[in-house]
Amino acid sequence: MSDIILVLLVLVLLVCLLVTVGGLVLYSGLLCDVVIKTGPPPVKNVTIAYKFREGSYKDCGAAYTESCSIGPKLSTVGVFYDDPKQVRAQDSTPHHCIHTPDLMT
């Protein structure tokens, strides 16, 4: 009796493993077709404003707060050009960019 239960448990675990691997393959998009096409860029006219500052990345919060206060509902992104492990903190150049989404197509 215990041998049958052990075999059933092994089969259940094997089925669970196969379902998990199959789900992962489907979720990852491994079996999906890749569609490559050319055409006009999705962004036609966009206005981007940015706040430039030099200094440590740790101290750029005030610039971000100021940029966000100009357009609190606009999309924002931070741009960091320098590797903090290779560039001195006072020589870093972080930017904070905002753009107007209604100009996007």
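Results for (1) at pLDDT 75 or above; (2) among the hydroxyl-bearing types (Ser, Thr, Tyr), shown as yes or no for each residue.
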| residue | (1), (2) |
| --- | --- |
| 23 | yes, no |
| 32 | yes, no |
| 38 | yes, yes |
| 43 | no, no |
| 55 | no, no |
| 58 | no, no |
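Select from the range 47-71 the residues that are in contact (Cβ under 8 Å) with a residue 40 or more places away in the chain and exposed (fewer than 12 other Cβ atoms within 10 Å of the Cβ) and write down the one among them that is farthest from residue 88 (Cα to Cα).
We begin by selecting, within the range 47-71, every residue in contact (Cβ under 8 Å) with a residue 40 or more places away in the chain; these are 47-53.
When the remaining residues are screened for being exposed (fewer than 12 other Cβ atoms within 10 Å of the Cβ), the result is 47-48, 52.
Working: 47: 32, 48: 28, 52: 17 Å.
Ranking the candidates gives 47 first.
The set of residues from the range 47-77 being in a strand (DSSP E or B) and touching a helix residue (DSSP H, G or I) at 6+ places or on another chain (Cβ under 7 Å) comprises 51, 75, 76. Inspect all residues belonging to the range 1-20 and state whether any of them is among the hydrophobic types (A, V, I, L, M, F, W, C), modelled with pLDDT under 90 and either closer than 30 Å to residue 79 by Cβ or assigned by TED's automatic domain parsing to the domain that holds residue 85 (or both). Taking every residue of the range 1-20 in turn, none turns out to be among the hydrophobic types (A, V, I, L, M, F, W, C), modelled with pLDDT under 90 and either closer than 30 Å to residue 79 by Cβ or assigned by TED's automatic domain parsing to the domain that holds residue 85 (or both). Examine the range 24-46 for a residue that is in contact with a strand residue (DSSP E or B) (Cβ under 7 Å, 6 or more places away or on another chain) and free of Cβ contacts under 8 Å to residues at least 24 places away in the same chain, and state whether such a residue exists. No, that holds for no residue. Only residues that are outside any helix (DSSP H, G or I) and surrounded by 10 or more Cβ atoms within 10 Å (Cβ to Cβ) were counted across the range 1-46, and they come to 2.
The values are calculated or read from the model by the stated rules, or taken from the named source; none is laboratory data. Please read these numbers as outputs of a predicted model, since none were measured by experiment. Here the Cβ is made from the backbone with ideal geometry for all residues, glycine too, and neighbour counts use every protein chain on show.
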